[in-house]
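Chemist: Please find one structure pasted underneath; my questions will follow.
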Amino acid sequence: MDAIAIDFETANERRDSACAVGVAWIEDGRVVRRETRLIRPPELRFSPGNIRIHGILPADVRDQPNLPEAMEAFLPDLSNRLVLAHNAGFDMGVLAASLAAWGKPMPAVAYLCTLRVARQVFPDPAGCGLAKVAARLGIRFEHHDAGEDAYACAEIALAAMREIGATRVAALPRLLNMPAALLPGGYRPDTESRRSTASRALLSGQQQPKPAPDLRFSVRGSTGNHYGIALEERSFGLYLRCDCIAGRHRRRCRHVDAMIDGDVTDLISGNFADIERLRLRILAADGLVEPSRARAQVELRRQFGFA
Ligand SMILES: [Zn+2]
C-alpha cells in the first residue's frame, strides 16, 4: 500500500457542500485505479461561481448518495495510506465538514499537500497551482473533474518521487523533510463559530458593519513575523493588500500569492472558509489588480491556473 490522492468539488462557499469526489490509488509507482462519485450535499444550493468551475448542477446530484454513503468504500483506504491532495487543507476541511454535516466523525488520516511538494521539488515563478504544475510536467488531464484532478495530484506526487530518486510516494514526507499532517480520528471542525460570533454581536446590540467588511487574513511569514492581508474594493478593482515590507512597497508578495492559490499552510487567523469566499470574490471580479499598476488587470485564468 502506498498512497491515495483525493479531490473534492463543492456546491457553494461552505466546506460541507461537497458535490463530487475524485480518488486515485497509487501502487508500485503508478496510478492503478481512479474513481469519481457525485455527491448530494446537505442543501441543493449551488453558487454560480462554483458551477462555472466544475459544471455540476443541482439536478446532477439530487438522486446521488450523500457524502458518507458515497465515501463509505473509500474511507478505510484513507486511514491506511498516505493521503495526497493539492492544497490539502481545503480537501481535508471539506471531508471533515461534510462528514460532520451528516453526523459522522472524520477517520484518522495522515496527509501530504502536493502543492507544498511541488513548491519544493518543482519551484517556478509562475506558481504551483494544479494545472500549472501538471502542464509543466506533461500530465494530461481534464481540470475540475474531481477524478481527473485526483489523478493529476497523484501524478505530481509520482513525478516528485522520481525527481528525488525515491521508490515510494509514502517516503516523500521523510525524504522532503515535510512531515505528513495528522488528523486524529473523530476530528470535527467548528462550523458554527462564525455564526455564533455574529449572533453574539447582534445580541449585544452591536451594529453589523454595512456593507460586509472586506476579507482579512493573518499569515505567518518565513521569519515568524505575522502579517495582515486585506481584500480592498478600489475604484479600479479588487486589490489584496499585505502589510509586509514588499506589500507596503506595492510589490506582489508570496503571502498574497499563497492566498490566491488557496494555500492555507501559513494562515493563522483560522478563517478557512474566507479563503473560499476570497476565491469566489476574485472569480466574480474577474481577477485581481496588481498593487503596483492599477490598470494592469491580472487575468483570472492565469491567477488560478485554469487551463
Ligand atoms: Zn506580504
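The values are calculated or read from the model by the stated rules, or taken from the named source; none is laboratory data. Computed from a prediction, not measured in an experiment: that's the story for all the values here. Because the Cβ atoms are built from the backbone with ideal geometry, glycine has one as well, and the counts that use them run over all protein chains shown. What goes into the accessible areas is simple: the full protein's heavy atoms, side chains included, and nothing from ligands, DNA or RNA. Shrake-Rupley method; radii C 1.70, N 1.55, O 1.52, S 1.80 Å.
Chemist: If we keep just the residues of region 260-270 that are closer than 12 Å to G127 by Cβ and surrounded by 20 or more Cβ atoms within 10 Å (Cβ to Cβ), which is farthest from the chain's Cα centre (by Cα)?
Modeler: Initially, region 260-270 is screened for residues closer than 12 Å to G127 by Cβ, giving 260-263.
Applying the additional criterion that residues be surrounded by 20 or more Cβ atoms within 10 Å (Cβ to Cβ) yields 260-261, 263.
Values: I260: 10, D261: 8, D263: 6 Å.
Here the residue is I260.
Chemist: If C242 meets every condition in (1) touching a Ser or Thr at 6+ places or on another chain (Cβ under 8 Å); (2) modelled with pLDDT of 80 or more apart from one, which number is that one?
Modeler: Failed condition: (1).
Chemist: Among V256, V219, which is the only one that is near the ligand (Cβ under 9 Å from one of its atoms), under 26 Å from D91 (Cβ atoms) and outside any helix (DSSP H, G or I)?
Modeler: Working: V256 fails: outside any helix (DSSP H, G or I).
Answer to the check: V219.
Chemist: Of everything in region 245-270, what is modelled with pLDDT under 85 and closer than 20 Å to A85 by Cα? Give them in sequence order.
Modeler: Correct list: I260, D261, G262, D263, V264, T265, G270.
Chemist: Hey, does region 169-176 have a residue that's outside any helix (DSSP H, G or I) and open to solvent by 30 Å² or more (accessible area, probe 1.4 Å)?
Modeler: First pass over region 169-176, keeping only residues outside any helix (DSSP H, G or I): 176.
Those left that are additionally open to solvent by 30 Å² or more (accessible area, probe 1.4 Å): none.
For region 169-176, residues outside any helix (DSSP H, G or I) and open to solvent by 30 Å² or more (accessible area, probe 1.4 Å): absent.
Chemist: Let me ask something additional. Hey, among A154, A134, which residue is in contact with a strand residue (DSSP E or B) (Cβ under 6 Å, 6 or more places away or on another chain) and surrounded by 20 or more Cβ atoms within 10 Å (Cβ to Cβ)?
Modeler: Numbers: A134 fails: in contact with a strand residue (DSSP E or B) (Cβ under 6 Å, 6 or more places away or on another chain).
The unique qualifying residue is A154.
Chemist: Okay, next question. Return the total of residues in region 216-247 being buried (at least 20 other Cβ atoms within 10 Å of the Cβ) and under 15 Å from V264 (Cα atoms).
Modeler: So the answer is 4.
Chemist: Also: Only residues that are in contact with a helix residue (DSSP H, G or I) (Cβ under 6 Å, 6 or more places away or on another chain) and modelled with pLDDT of 95 or more: list them for region 13-33, please. I'd like the intermediate steps shown before the answer.
Modeler: The initial filter retains those residues of region 13-33 that are in contact with a helix residue (DSSP H, G or I) (Cβ under 6 Å, 6 or more places away or on another chain), namely 13, 15-16, 18-24, 26, 31.
Of everything in region 13-33, those that are in contact with a helix residue (DSSP H, G or I) (Cβ under 6 Å, 6 or more places away or on another chain) and modelled with pLDDT of 95 or more turn out to be A18, C19, A20, V21, G22, V23, A24, I26, V31.
Chemist: List every residue pair whose Cβ atoms lie under 7 Å apart, where the two residues are 6 or more positions apart in sequence or sit on different chains, the first residue falls within region 43-70 and is open to solvent by less than 50 Å² (accessible area, probe 1.4 Å), and the second residue, located anywhere, is in a loop (DSSP other than H, G, I, E, B) and charged (D, E, K, R).
Modeler: Partner pairs satisfying both residue conditions: S47/E13; V61/R40; P65/R40; N66/R40; P68/K104.
Chemist: Being at pLDDT below 95, farther than 18 Å from S17 by Cα, open to solvent by less than 10 Å² (accessible area, probe 1.4 Å) and in the same structural domain as D16 (by TED's automatic domain parsing) narrows it down to one residue among L78, L99, L82, L95; which is it? Break it down stepwise before answering.
Modeler: Details: L99 fails: farther than 18 Å from S17 by Cα; L82 fails: open to solvent by less than 10 Å² (accessible area, probe 1.4 Å); L95 fails: farther than 18 Å from S17 by Cα.
None of the others qualify; the one that does is L78.
Chemist: Further, regarding this structure: What are the residues in region 222-247 that are more than 9 Å from the ligand (Cβ to nearest atom), closer than 17 Å to V289 by Cα and part of a loop (DSSP other than H, G, I, E, B), if any?
Modeler: Residues satisfying the conditions are S235, F236.
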